[in-house]
Amino acid sequence: MKLPHAAAVAAMAMALLLLTSGYLAAQEEITPYSRTVKESRAWIGLRGGQFLPGDDVLREVYGTGGLLLGLTAGLDIHRSGSFALAAAVDAGRFSRTGASTLSGIPASLTLVPVAASIQARFGAGGLAFWLEAGGKIVFYTEDSEWALSRGSALGFLAGGGAELALGSGPALQAFVRWSQAEEKMDGFTVHLGGWEIGASLVYRFRI
């Protein structure tokens, strides 16, 4: 998936959340974001979406992308009205099989990214938006008839998203993120980051 396509998917997800928020707000079935932030400082939930590798070689061997599933959690560390500064962490798993473009030998790749970020959150009604920046570590395992490679790569991330409150506790999030992480594998520098586009179902609670 090229960048314009990824941006279009993210824009559609944001628009859907905005329309849903407006409808539910008219029905008075959601909790205002300012009240949600005030009453619940932390959240935890399930996270899933599409991971699009940023490395050309990985795309040739394992395809243009696949499912990334994991967990997410966070904590509002500063609040002022409808603004919140939050610390967030998430982890997931991406696994694909493929074959070498030169030899045709089967291979498998598993990535386990663990990320931590600071989010600037702001919103009104039942909808909030955020921008984030942080770091990540990607644990990888690549297995083929030739060799078994394991290791990790450090990198950074930047992204944004939206959160729709579904009540005083549950909320739906949509996100888009770009990450960069490079590692030497079999003598080559491989980019283990890329685009992540997806959604999370979380539950907010007091601590």
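What follows draws every value from the coordinates through simple rules; no lab data is involved. These numbers come from a predicted model, not from an experiment. A quick note on method: Cβ atoms are made from the backbone with ideal geometry, for glycine too, and the neighbour counts reach across all protein chains shown.
Give me the number: length gained by fully extending Phe122 to Glu182, i.e. 0.36 nm times residue separation minus the C-alpha to C-alpha distance, one decimal in nm.
Values: separation 60, 0.36 × 60 = 21.60 nm, distance 3.24 nm.
That pair, Phe122 and Glu182, stretches by 18.4 nm at full extension.
Suppose R0 equals 41 Å; then what is the FRET efficiency for Thr97 and Ala73 from their Cβ-Cβ distance, rounded to the nearest 0.05? Walk me through the intermediate numbers first.
Values: r = 30 Å, r/R0 = 0.74.
Taking R0 as 41 Å, the efficiency between Thr97 and Ala73 is 0.85.
Quickly work out the Val89-to-Leu154 label distance, labels modelled 7 Å from Cα along the C-beta direction, and quote it in nm with one decimal.
Spacing of the two 7 Å Cα→Cβ label points: 1.7 nm.
Which one, Trp130, Trp146, Ala158, is farthest towards the positive end of the dipole of region 79-169 when Lys and Arg carry +1 and Asp and Glu -1 on their Cβ?
After comparing all options, I get Trp130.
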